[in-house]
Amino acid sequence: MRVTGEQFAWNAHYPGNDGRFGRRDIKLVGADNPLGLDRTDPDAKDDITTTNQLNFPVNRPVLCICPARTSSTASGCSRCA
């Protein structure tokens, strides 16, 4: 999962059943798409996003990538874009 922090919000991004994250693009960031997720990307079709709701599986390891969103960049760390 990816969790992007911004002022007063945590935006969670979970890969769908395919286990692959969809592409993000800073140009797509907006009030209705705080992560800039490109829904035209086939890998994004089944992705799940939430705001201020983090869900973790019980008794399973989790890799959580947590970049921060600033006013000048919405993608956080460049490795995660």
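Only the coordinates and a few stated rules stand behind these numbers; no lab work does. Computed from a prediction, not measured in an experiment: that's the story for all the values here. When we count neighbours, we look across all protein chains shown, and the Cβ atoms used for this are built from the backbone with ideal geometry, even at glycine.
Less than 5 angstrom separates the built amide H of D47 from those of G16, all sequence-distant by 5 or more or on a different chain.
Take 50-56, 14-20 and order them by the average number of nearby Cβ atoms within 10 Å per residue, most first; the result is 14-20, 50-56.
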